[in-house]
Amino acid sequence: MPGRGPTGLHHTRLGPPDIVPTVVLHGGGPGCHAAADFAAVLALRPRRAWLCVDLPRYGGSPLPGPGLPPGRFSGPAAALAGLLDGIGRPVPILAQSLGGAVALALAARRPDLVERIVLIGSTPAAFRGVHTDPGLGARLRDELYADPGPARMRALMEGAEWHRATPPEELVAGRLRAATTATALAVATDPAARGADEDLGPLLGTVTAPTLAVWGAHDPFSEPAYGAALAGALPHGDLVVLGRTAHHPQSERPDAVAALADAFLPEPGRGGGPIPASAPTNPPVPLQQENP
């Protein structure tokens, strides 16, 4: 059931209502939102409880409200904390790229809310001697918004997020719709609206939640060595590298990501309070267009 929590974050809860949900957080590319980024994984695990959250600026969530920290990771983490406080116990998190950095920021500052983390291709800090391409996201964004359309969105996904497989048409269409909402266009035209850059390096050593870093062997944003450095900087970090994938293995190889989540995240348990929600003021962005 979709809703909007006390901090304005659009979220959708799936699966058994009496099971503690696994929180799902999306990446930071144009049009990314939880339902799109992890749709294939969710379909493979219908008996697990999921809480799909759109971070500020993405999907059905609005721009950040006043009072949140300005950092690109810390601001969404503070908003997410306001939502998860309603559950009443720590939750497992499955997150990609931006979402993984947000999960780490949350785990560092609110360890009572985070049980375990599986993060995919997240780059929350700078590590010496490890290759990254920090300007790739901006270049891809500029190319898409120069003439937003299905061909440009597909080129973005095939050029950076997928390695060899072909993204399905409905996923491309869903991402494009989410990339061209009023909120998404406002963010695209104003770099300041994307949040201030920050480096979580000083906080990584304080993250007590066991964390599994999952890396695509062909991720153009950062090489697997970055994942190894990140796992090494975390007190309880591990790394898995998936071949034949780029930046979005949860879409390209959902079976592998689902299996890793099953192995690393705790078995679903009963309990946890309801999440406060009201009818969303902005409708959620559908992955597929509904039939009239």
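The values are calculated or read from the model by the stated rules, or taken from the named source; none is laboratory data. This is a predicted model, so every value here is computed, not measured. Cβ sites come from the backbone with ideal geometry, for glycine too, and all protein chains shown count toward neighbours.
Residue count for region 99-142 satisfying the condition of being out of contact with any Pro (no Cβ under 6 Å at 6 or more places or on another chain), assigned to a strand (DSSP E or B) and over 14 Å from Gly27 (Cα atoms): 2.
Within region 120-145, the set of residues being over 19 Å from the mean Cα position of the chain (by Cα), surrounded by 16 or more Cβ atoms within 10 Å (Cβ to Cβ) and within 23 Å of Ala173 (Cβ to Cβ) comprises Leu144, Tyr145. The helices (runs of 4 or more DSSP H) located wholly in region 176-267 that include 3 or more residues which are under 30 Å from Ala155 (Cβ atoms) and not aliphatic (A, V, I, L, M) occupy 224-233, 249-252.
Among residues that are in contact (Cβ under 8 Å) with a residue 12 or more places away in the chain and out of contact with any Phe, Trp or Tyr (no Cβ under 8 Å at 6 or more places or on another chain), Gly121 is not included.
Rundown of residues vs (1) at pLDDT 95 or above; (2) loosely packed, with under 13 Cβ neighbours inside 10 Å, yes/no style:
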position: Ala233; (1), (2): yes, no
position: Ala256; (1), (2): yes, no
position: Ile275; (1), (2): no, no
position: Gln289; (1), (2): no, yes
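Set side by side, the residues Val114, Val91 differ, and just one is modelled with pLDDT of 95 or more and buried (at least 24 other Cβ atoms within 10 Å of the Cβ), which is Val114.
Considering the conditions (1) crowded, with 19+ Cβ neighbours inside 10 Å; (2) aliphatic (A, V, I, L, M); (3) in contact with a Ser or Thr (Cβ under 9 Å, 6 or more places away or on another chain), Leu212 is excluded by exactly one of them, (3). Among the residues of region 148-195, those that are touching a residue at least 60 places away in the same chain (Cβ under 8 Å), among the aliphatic types (A, V, I, L, M) and touching a Lys or Arg at 6+ places or on another chain (Cβ under 6 Å) comprise Met153, Val187.
Considered as a group, the residues in region 15-33 that are more than 22 Å from Pro191 (Cα to Cα) and surrounded by 20 or more Cβ atoms within 10 Å (Cβ to Cβ) include one that is nearest to the chain's Cα centre (by Cα), and that residue is Val24. The criterion of being without any contact (Cβ under 8 Å) to a residue 40 or more places away in the chain, in contact with a Leu (Cβ under 7 Å, 6 or more places away or on another chain) and either over 16 Å from Ala231 (Cα atoms) or not aromatic (Phe, Trp, Tyr) (or both) does not hold for Arg128.
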